[in-house]
1. Considering only DSSP beta bridges whose two residues both sit in the range 10-90, what percent are antiparallel, to the nearest 5?
2. How would you classify the range 10-90 from its alpha-carbon gyration tensor, with a ≥ b ≥ c the square roots of the eigenvalues: rounded for a/c under 1.5, else prolate if a/b is greater than b/c, otherwise oblate?
3. Which trypsin sites (Lys or Arg not before Pro) from the range 18-87 combine a DSSP loop assignment with at most 16 other Cβ atoms within 10 Å?
4. What list of ³J(HN,Hα) values in whole Hz, one per residue of the range 15-23 in order, does the Karplus curve 6.51 cos²θ - 1.76 cosθ + 1.60 (θ = phi - 60°) give from phi, with Gly and Pro shown as x?
5. Of 39, 87, 57, which is farthest along the charge dipole of the range 33-100 in the positive direction, counting Lys and Arg as +1 and Asp and Glu as -1 at C-beta?
6. If 84, 72, 21, 93 are ordered by their accessible area, calculated over protein heavy atoms with a 1.4 Å probe, which sequence runs from highest to lowest?
Amino acid sequence: PNAFFFFSQINLRLILVSGKTKEFLFSPNDSAADIAKHVYDNWPMDWEEEQVSSPNILRLIYQGRFLHGNVTLGALKLPFGKTTVMHLVARETLPEPNSQGQRNREKTGESNCCVIL
């Protein structure tokens, strides 16, 4: 059972804006909110300077997109047994296409994606 358990896990390498990284194992049923909570509860010692006040402001970015809290790793079709890289950022709110106000309505062709350098 343990071998199966390992092979049904998804290895995430989380990268902070500061460039620090840490790897965590999650199951396909874990959602982005579950991951944020787990990382918050098991905050790495060498991430002390980046400690946040609440798991609710931790956001995951995968392939340039913010993941909403209810999205599971399984839904993203992440590969088992391989390392998937995501960025972890502290943000109060997620960018919403409709939250920009009416003045940006004519720019519907543009995406609201963020580039983290």
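1. 70 percent
2. prolate
3. When the trypsin sites (Lys or Arg not before Pro) of the range 18-87 are filtered for loop state and at most 16 Cβ neighbours within 10 Å, 20, 77, 82 remain.
4. 10, 7, 4, 6, x, 5, 10, 7, 9
5. Going by the charge dipole, the pick is 87.
6. Listed by decreasing accessible area, they come as 93, 21, 72, 84.
The values are calculated or read from the model by the stated rules, or taken from the named source; none is laboratory data. As the structure is a prediction and not an experimental result, all values here were calculated from the model. All Cβ positions, glycine included, derive from the backbone under ideal geometry; neighbour counts span all protein chains shown. Accessible surface areas use protein heavy atoms only, side chains included; no ligands, DNA or RNA. Shrake-Rupley method; radii C 1.70, N 1.55, O 1.52, S 1.80 Å.
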